[in-house]
Amino acid sequence: MTRRRRLRRTRRSFLPRALAFATGAGVLLGWLAIQNGSAPELAACADRDHLTVAVGNDVAGGFRRDLVAEWNSIGTMKADLVEISDSTDEVRVEMVQAAQFQSCAYDIYLVDVAWTGEFAERGYISEIPLTVAERARFLDKALRTGQFAGVQYAIPFATDAPLLFRRSGMPLPENPDALLEAARRHGYAVQLDDSEGGSVTLFEALFSAGVQVTAGGEVVLDQPVNAQRAERALAGWQEMMRSGAQRAVGSHLREEDSIQIFRSGAAGYMRNWAFAFHRLAMDSSMRGPGGDLLFEVSPLPGTGVLGGSNLAVAANSPHPEEARKFIAFLTDDEVQKKLFACSGYTPVLKSVYASYARQPETCQELLSGTLEPPPSDGLETTAAELQALAGAMHAALEAAEPRPAGAHYSLFSRAFRSCARALVLSRVARPVDFDRWARALREAMSGRHVGERDACPGGPTDQ
Amino acid sequence: MTAQDDEQARSGTVKGQIGIAVIAEVLAGVAGKALESVIVWIACAAVGLILAAGWVRLPTRRRSPGSAAGRRLRRLGALTTWPALGAVSVLAGYHALSPISHLVRPQPCPAATELHAITARENVPALRAAAGTFVRDTLLGGCPAYRVWVNAAPSLDEMIFGFEHDWRRSPSQQGTEPFHRLNGARPHIWIPASTGEADYLIERVNRARARLGIRGSIDTEPMVLAVLGAVAADLMRELGQEVKGGGHELGELLSVARSAARLTVVYPWPGLSSAGLIAAADLSDLDPGGAWALSGAYDDSVSALLCRFLELPMPGSAGPAEPTGRARTSVALVVPRHSVSDYNQGDLGVEGCGGDWQMGRDALQEFSSPGFRSLDYPFVDVDWTGQPAPQLAAGRDAFRNWLLRHGLFGDQVAPPRSGKPAVRGSAELADALSDVKSGLHKINLHIALDGTGSMSRPPNSLRRQVRDAFPAVRQMLINEDVLHLWAFSFARERVMLTSLTSSASRNDRFNDLIQNIAGRPLVGPEVPVTSMIRKLGPGSRPFVAAVVTDGGLFDDDQAAETARRVTRALAETEPVGGVYVLVLGDGRCEPSLTSADSRAGHLLCAEAGPDTAFALRQMISTIREWS
């Protein structure tokens, strides 16, 4: 056999073998990719004759119940709200357990924007396809909070961005530094409790100073430029918290406590969400003799954090189509207007902002003609006040940024807060070990347990 | 050796056996993982060797010709061998490279199994701390295998209803409105204060949507009497010698506290707090007639009681208005021992509480007694129908075994002394609750609801807030209490009185009354309190009026005169024995109605603040004292 013939024969036998080898390898690689990329499938639930909607308790009153009653009078399948708790932790754990243990308790979840990625990645919720025209109705930022890996898993129900409330006569701070200066002088009711509200405030403090905590899903807080800016920002906050005016306000406030402090006059400024506007506007002590509001509202100077909640369909719901119709009802133009004017929810539709810029309507006007119109005996948020609020909210949303997304956001948030909060509330200036902090954040981002002492030496005790 | 020592020894042996079982389980898991890795590495090495050896001589055409069937088989072999080898290579490579890729960049952790545990509010900080350590002790490759959420348990009555109704809050029907409220997230673990409490609940749950199983005690501690340090020395002087084994006779301790030191002995309301129920059982042993019944405060937990205690004024200082008018030095508390320790560390685990706590000035000192029974903190499994989840059961078992080894309170609480009486049984607790209730004054209460539109205005309908909070009142009521609900408004220059619910009681029409609270709003301006009293006045039986308003009825030019005018109206309207004005939302009391003089004359105004349920319980408790 010549060398040439041997070579030809070897080539002839090599090609099919290589092809077969590659086919086997390819099939397994494809299977592995699918296994890694797809969430576990939940078994479908038995049929039932109504939709159940898991929600937290309504801090803005009970208007959601009225909307569900309205849906039940026109919808093809009745819906039943299940109000779980005031505590966001309890709301999340109930929803997660329902999905994790496949209890079939719920068809629709009203999830915080911070949990949407987690629920999608774990396969607890199913995709909600939207047409181009449907997408175009929503504010882009709000719509993106319902996406994960480029797929729309949830539809925004209410969005939110922080507002700065100031008592009438107080100067408007033009930037974050001016706000800290004003806070030192007049007191600032800001949420710094050891809860998610505290994380949001601290993210805002860093974002407003131009700090990137994460970029492209990676922690970049320890990059020199970010570390320098963060150190300066946290030092400014620490100094503000040690000022006499701020010591009187306290450092353990949540949203509700902040309203009480601001209302009492102990603080000249307050950072809060839009619902606080309605709370204050309905309080006769916050209006002057002529009925004018005794406070003003504007977007928070700097960069706020995007809040809000999304509606998602449970992956094992036996009625996904009906659930999507119900979600479409709650995100209808008129319903979103009512939620804004009557209940303080921030709208997610561009049309509502356009409408309020052009021709604002009060709750009374929107509900006239319904079965149970609200009372009209005096105190009501006026059309002009709603117009000002809508304008401030729109501007605040433009400047807001989302929190870092991910399946382990709650661990990440805790690791971030434990260190940032310890630094801001420290009585003495402390050096910051950004390498250690960033390492802890990376661990938390991948779902690894981080003791609070590990994240920030000398921080609060691990719980 | 006493029976308790025997029991402790047995408990220790059981804990030891469980500990060994857990260690064996963990070792088996580790061994299994190790074996799996060894097999995968051997496979990797074998495939690597084959590939490294170069071209493998696999079945080809030139081997033995044989039969047609044999040739087909060989052709099939030739067709399948190479794809199989490709797949094995990928698998081997995947396993071989993944540890390296993990080193370069940690892979995300899988979702941890999430468990939800409930316990009395005063135990929440301890159980959360234990859960945190458990999660850290059970990490797998740095990833949490479990996450344990701990929250406060509802009252026993609410839990009984919840376990029968898929964890819904009572009342389960909300009229025609399309919503249900839960008692929070459904629990899978319950840590009651005592086995007697667990038995009490299990015996009363019918048509259960959940199965409950008591799985052993995770810690024990006694109840104690706690007083402010400044008072403790006086009490100590009056007390005789300690009994053998430590502490004082309960009868002597309470008698000295009440008579010599002039202290009011209080504990949380037994209908809402299991520690309060156990305290009531201990006290009712001394006085079966129920004279101690009024000592039950309206707080729903030991934490809430201690928090309110901290807000009481010191003698001579200006403190917040408190319906009882008590000072901190005049109160002795019956609470679990660990709560005294938590309080003395300034950590009550209640939001917004303890901010002004000062070491020394505010510290409590405990007095023990063999007459106080123990709390044994059993671990109770809760299995909901339709949630068969093996990973849940495994996680719960792991947490229980961990708690059995480490306890709930760690070293914070000294173990109970030998010779302590056993825990209270379920029958004793039921008797105690019955004793407490039999000792209470019955109330005849007319609730005058401000029916005007401002109470129903969105976004925060105050009537809805009251409706949602009103179920908390049920546990404060005894069977003989009678409630009437009225709405007031002005129409055509006259005060209009609308009866919404009449003669409701704890067991009859109570849910109707709740539904009617959030009925349709009325129209017209506010009705002054004096007009309400005069309108309610005519009636055969004495009663107390509770005016529930948003404060609008004080918005007139003569607000400062309100107290004087109401006092006059009270005097002129004989059946009305007192007026309690509850101001909801952001409304304010008219100052003249909050003075001590007003209180003495059974006229009081209280601002509800953010916790409407607490405000309603406080209202019922105060009115009962007036009745």
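The values are calculated or read from the model by the stated rules, or taken from the named source; none is laboratory data. Just so we're clear, the structure is a prediction, and the values are computed from it rather than from any experiment. Please note: Cβ atoms are built from the backbone with ideal geometry, for glycine as well, and neighbour counts cover all protein chains shown.
Would you mention how many residues in the stretch B:127-143 are surrounded by 24 or more Cβ atoms within 10 Å (Cβ to Cβ) and either in contact with an Asp or Glu (Cβ under 8 Å, 6 or more places away or on another chain) or at the interface with chain A (Cβ under 8 Å from one of its Cβ atoms) (or both)?
0
Among the residues of the stretch A:252-263, is any surrounded by fewer than 23 Cβ atoms within 10 Å (Cβ to Cβ) and among the aromatic types (Phe, Trp, Tyr)?
There is no residue in the stretch A:252-263 that is surrounded by fewer than 23 Cβ atoms within 10 Å (Cβ to Cβ) and among the aromatic types (Phe, Trp, Tyr).
Quick one: residue A:334 ticks every box in (1) in contact with a His (Cβ under 6 Å, 6 or more places away or on another chain); (2) surrounded by fewer than 20 Cβ atoms within 10 Å (Cβ to Cβ) except a single one, so which number is it?
Single failed check for residue A:334: (1).
Quick one: which helices (runs of 4 or more DSSP H) sit completely within the stretch A:71-177 and have at least 2 residues that are touching a His at 6+ places or on another chain (Cβ under 9 Å) and either surrounded by fewer than 18 Cβ atoms within 10 Å (Cβ to Cβ) or not hydrophobic (A, V, I, L, M, F, W, C) (or both)?
Here the list reads A:88-100.
Go through A:407, A:390 for me and flag whichever is in contact with a helix residue (DSSP H, G or I) (Cβ under 6 Å, 6 or more places away or on another chain) and assigned to a helix (DSSP H, G or I).
Just a single option satisfies the conditions, and that option is A:390.
Take the residues of the stretch A:370-394 that are small (Gly, Ala, Ser) and modelled with pLDDT of 90 or more: which is surrounded by the fewest Cβ atoms within 10 Å (Cβ to Cβ)?
A:384
Yes/no per residue for (1) more than 24 Å from residue B:171 (Cβ to Cβ); (2) of a type outside the set (Lys, Arg); (3) part of a loop (DSSP other than H, G, I, E, B); (4) modelled with pLDDT under 75:
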residue	(1), (2), (3), (4)
B:512	no, yes, no, no
B:520	no, no, yes, yes
B:526	yes, yes, yes, yes
B:530	yes, yes, no, no
B:534	yes, no, no, no
B:540	yes, yes, yes, yes
B:553	yes, yes, no, yes
B:557	yes, yes, yes, yes
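For the stretch A:288-302, give me the residue count where each residue is within 14 Å of chain B (Cβ to nearest Cβ) and without any contact (Cβ under 8 Å) to a residue 12 or more places away in the chain.
Final tally of qualifying residues: 2.
For (1) farther than 16 Å from residue A:150 by Cα; (2) away from chain B (no Cβ under 13 Å), each residue gets a yes or a no:
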| site | (1), (2) |
| --- | --- |
| A:73 | yes, no |
| A:83 | yes, no |
| A:112 | yes, yes |
| A:135 | no, yes |
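Looking at A:349, A:300, A:367, A:397, can you tell me which residue is at pLDDT below 95 and either aliphatic (A, V, I, L, M) or within 23 Å of residue A:129 (Cα to Cα) (or both)?
A:367
What number goes with the only condition from (1) closer than 30 Å to residue A:344 by Cβ; (2) of a type outside the set (Val, Ile, Thr); (3) within 14 Å of another protein chain (Cβ to nearest Cβ) that residue A:391 does not pass?
Only one criterion in (1) closer than 30 Å to residue A:344 by Cβ; (2) of a type outside the set (Val, Ile, Thr); (3) within 14 Å of another protein chain (Cβ to nearest Cβ) is unmet by residue A:391, namely (3).
Under 9 Å between Cβ atoms, which residue pairs at least 6 apart in sequence (or on different chains) link something in the stretch A:238-250 that is within 14 Å of chain B (Cβ to nearest Cβ) with a partner that is charged (D, E, K, R)?
A:250/A:257
May I ask you to list the residues in the stretch A:104-155 that are modelled with pLDDT of 95 or more and among the acidic types (Asp, Glu)?
A:107, A:127, A:134, A:140
Hey, which of the helices (runs of 4 or more DSSP H) in the stretch A:240-289, taking only ones fully inside, have at least 3 residues that are at pLDDT 90 or above?
A:255-264
Please list, ordered by first then second residue, the pairs with beta carbon atoms under 7 Å, 6 or more apart or interchain, first in the stretch B:271-283 and farther than 16 Å from residue B:160 by Cα, second among the acidic types (Asp, Glu) and in a helix (DSSP H, G or I).
So the pair list comes out as B:275/B:122; B:281/B:428.
Name the residue that is nearest to residue A:304 (Cα to Cα), counting only residues in the stretch A:183-214 that are in contact with a Leu (Cβ under 9 Å, 6 or more places away or on another chain) and assigned to a helix (DSSP H, G or I).
A:204
Looking for whichever is modelled with pLDDT of 85 or more, within 14 Å of chain B (Cβ to nearest Cβ) and buried (at least 23 other Cβ atoms within 10 Å of the Cβ) here; the options are A:419, A:342. Which one fits?
Result of the check over A:419, A:342: A:342.
Does the stretch B:191-213 contain any residue that is in contact with a His (Cβ under 9 Å, 6 or more places away or on another chain), surrounded by 23 or more Cβ atoms within 10 Å (Cβ to Cβ) and part of a loop (DSSP other than H, G, I, E, B)?
No: zero hits.
For the stretch B:199-221, give me the residue count where each residue is modelled with pLDDT under 90 and under 23 Å from residue B:372 (Cα atoms).
Result for the stretch B:199-221: 0.
Could you check how many residues of the stretch B:560-584 are at pLDDT below 75, of a type in the set (A, V, I, L, M, F, W, C) and either part of a loop (DSSP other than H, G, I, E, B) or surrounded by 15 or more Cβ atoms within 10 Å (Cβ to Cβ) (or both)?
So the count comes out to 1.
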